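Everything on this sheet refers to the single structure shown next.
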Amino acid sequence: MTLTATTVTAPTARPRPPAGSRRAGRSRPSWRSPAYLFILPGFAVFSLVMVYPTVQAFLMSLQDFSLVATKPSQWIGLTNYLDALSDPVFWRALANSGVYMVVTVPGQMVLGLACAIALKNRLKGRSAFRIMVYIPVITSWVVVSILFKFLFQTEGGLVNFILTDVTHLGDSGVDWFNGRWTALVAICALGVWKGVGWTMIIFLAALQSVPDQLYEAAQVDGAGGLAQFWHVTLPSIRRTLLFITIMLVIGAFNVFISVSLMTGGGPANQTQVPLTYLYRQAFNFLDFGYGSAIAFMLTALIALFSAVQFRLGDKAAEEAIA
Amino acid sequence: MTTRHRTRPHTTVRASQRRRRRWLTAGRYLVLSLASLVSLGPLVYLLLVSSRENAYSLTSPADLLTGRHSLANYRQAWIAGDLAQSFLNSIVLAVGTTGLVVLLGSMMAYGFARFRFPGRGLLFALIVVELMVPSIMLIIPQFILARDLHLLDSRWGLLLVYVGTNLAFNTFLLRGFFAGVPVELEESMRIDGAGPWRRYWQLMLPLAKPALATCAIFSFLGAWDEYVWTMTIISSPDKRTLPLTIALFSGAHQTNWGLTFAASAIALIPVLVVFFCCQRQFVGGITAGALKS
C-alpha cells in the first residue's frame, strides 16, 4: 500500500517557490508562531510512533536486549551486527531479496510500460482495460498471498493444472513450495502481478505528457515506431523511469507479507528475506537486539541504493542535456 | 518514408497506412486483453472457489465448472469465522485512522507550508527521513513501546500506530499542495481579520479537497489492509481485524479453501466499492498529479 500511496508524490516534486516566501519576508520566525499549535498534535503522535522507535531501534541493536524488567539489557557494541554478517541465513535472505528485486523490478517496469503504451492513444474500452489491470494493486496483500499459495499448490493448483493438463508442458506438477528457486518463482510472480497496474498508471501519465510535436518531428525525420520509442519516448520519461525504479527497489526490500504467508521463509530458511528473518529472530526467538541490527542494516542498504540511483539518474539527465 | 511518398501513388500509401494502423490496434488489444486476463484471472478464480459448495473436495481446477455454486461458504464463514466482529473492527479502525490522519496531517501540512518558525527545517527533515524508513524496521521498538503503554492486545494500540505510520506521507503530500495555493488568497482573508485557524478551516481545507480525498483513500486502504502490526500485538479473537482473521482462517481451515476465499471476498468488497466510487481521485488524481512533474 505504501507503494500505491507514493504515486502521488511524483507530482509534488516539481520546483516551487519557497513556501509562503512573501509572508515569511514580513513575519520573522518566532517561538510564538501559531504554527506550533498546528504541528504539535500530529507531531506528538508521529514522534511517539516513528521517531522515538527509530532511535530506540538503533540503541536496541547495540544491546543484548532483555524483555524482562528484572534482567537488565547488556550493552554489547557491534556484536549483533557482526553476528549478522557471519550468519549464512542473513546472507541468503539478502540474496533472496536481491533475486526478488532483479526479477520484479524489470518485470513490473517492462509490463507496465507495455500496457501504458497500448493505452496511450484513444481506444474503445480504454478505461475498462485500465481499471482491470489496476485492480490487483488495490487488493490486500494478505488475500492475494493466500490466493497465490493456492494457485501454486502442488495438487489441484491452477498453475500446475495449466502446465500439465492444459498445455502439457510437463508430465507431473511442480512442487513449488518445496524448493528455494521454485518458491521464489511463485513469490516473484505475485510481486509482478500486483505491481504492474501501479507502474502502468505512472507511465501512462508520463507518456501523455510527452508533446506530440516531438513524435511529429521524429516522423518527419523518418523515424519508425521503434526508433521513436528509443529516441523520443524513453528520453522524455527518464525522470519517471528513475522515480519508478527507486520506488520499486525500496518496495522489493520491503517484501514481507507474501513471503511470510506463502512459505514462512521455509523450507529450512531457504526462502527467508531480511524482513521475515528479522521478524522471526525478534518474535519467535525473542532476540530483539539481533532483529534490530538486521533492520538497521537493511535501512542503510535501502538508503544507499536510493542515493546511488539518484546519482546515476542525475548523471543520465546531465548527459541527455549535454 | 519520404521516398515511399514519391514512388507510390497517393492512394496505396493511404491504404498501407490504414492497414498498419489496423495491425497496431489489433496488437494493442492483444496486449491489453492478455494483461486484463492475467490481472483478473486469479481474482475470478477466487470467486469461483468461494462460491463452490464442498470446495474441500476439489481435486482439480476443472471441478470448479461442475458442482453447485452458492453463497453457503459466505454464510458459514460469516458465522463460524466470527467475521462480523472482525469486519466491525476493521471498519471502525479504518474510518478512525482516516479521520485522524486527514485532520492531523493537514494541520501539520498547513503549519509547515505557511509559517516560519524555529526548528521548522529540522522537524520537516524528520518527516522526510521517516518516509524512507521501512515500516517493519520499527516494529520491534514499537512493540516494546506498546508494551510499556499497556497497549498490547488493544485496539487503541492499533489505532495509534496506524495513525502514526500514515502521518508522515500525508503531511508531505499535503504540504506540497498547500504551498502551491497562492498566498494572496490567504493575505486578503488575513486583512479581513481572519486568524490562522479560520484561514486553515475555511480557505485551505476546502481548496485542498481533491488532495484530502486522495489522502483519505490511501489512509483508509492502508488501515483496512494492515496486517503485520495487528498480527504482532493482537491475541484476542474479538479484537482481530479482517486481514488477521483471514490469515488465521487459512491456517486453521487449511483444506477448506472455500471458506477462506469467501472471507477474503468479503474483505475485498469495501475496497472495490471505494475504488469504483472514487476512481477520479484514484486514477485521475494520480494521473493529473504526475502530469505536473
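Derivation of every value follows stated rules applied to the coordinates shown; laboratory data play no part. Quick caveat, the model's predicted, so the values are computed rather than measured. Every residue, glycine among them, receives a Cβ derived from its backbone with ideal geometry; neighbour counts consider all protein chains shown.
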- prompt: Among A:254-265, A:298-309, B:81-92, how do they line up from the highest to the lowest mean number of other beta-carbon atoms within 10 Å?
  reply: A:254-265, B:81-92, A:298-309
task: Could you calculate the FRET efficiency of A:ILE162 with A:ARG311 from 1/(1 + (r/R0)^6), where r is the beta carbon distance between them and R0 is 45 Å, rounded to 0.05?
output: 0.55
Number of Lys pairs (Cα under 22 Å; 8 or more positions apart or on different chains) in the protein assembly as shown: 4
task: Would you calculate a helix-derived [θ] at 222 nm for chain A, using -39,500 (n - 2.57) for each DSSP H run of n ≥ 4 and dividing by the full residue count, to the nearest 500?
output: -21000 deg cm²/dmol
message: Which of A:THR164, A:THR79, A:THR276 ends up with the largest GNM mean-square fluctuation for chain A, with Cα atoms connected below 10 Å?
response: A:THR164
- request: Consider a paramagnetic label point 7 Å from the Cα of A:LEU304 along Cα→Cβ; state which residues of the stretch A:233-253 have an amide N under 19 Å from it.
  value: A:246-253
message: Can you show me the helix-derived [θ] at 222 nm for chain B, built from DSSP H runs with n ≥ 4 at -39,500 (n - 2.57) apiece and divided by the number of residues, rounded to the nearest 500.
response: -24000 deg cm²/dmol
- prompt: Among B:LEU152, B:LEU272, B:LEU47, whose mean-square fluctuation peaks in a Gaussian network model of chain B (Cα, cutoff 10 Å)?
  reply: B:LEU272
field: Vicinal HN-Hα couplings computed from phi for the stretch B:31-43 (Karplus, 6.51 cos²θ - 1.76 cosθ + 1.60; Hz; Gly/Pro x)
entry: 4, 5, 5, 4, 4, 5, 4, 5, 5, 8, x, x, 6
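Taking each residue in B:42-51, count the Cβ atoms of any other chain within 10 Å of its Cβ, then average. What number comes out? Intermediate values should be presented prior to the final figure.
On the way: counts 12, 7, 0, 4, 7, 0, 0, 3, 0, 0.
Rounded to a whole number, the mean comes out at 3.
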task: Could you work out which residue, out of B:LEU212, B:LEU138, B:LEU93, moves most in a Gaussian network model of chain B, that is, has the largest mean-square fluctuation with Cα springs under 10 Å?
output: B:LEU138
task: Just rank A:PHE90, A:PHE46, fewest to most, by other beta-carbon atoms within 10 angstrom.
output: A:PHE90, A:PHE46
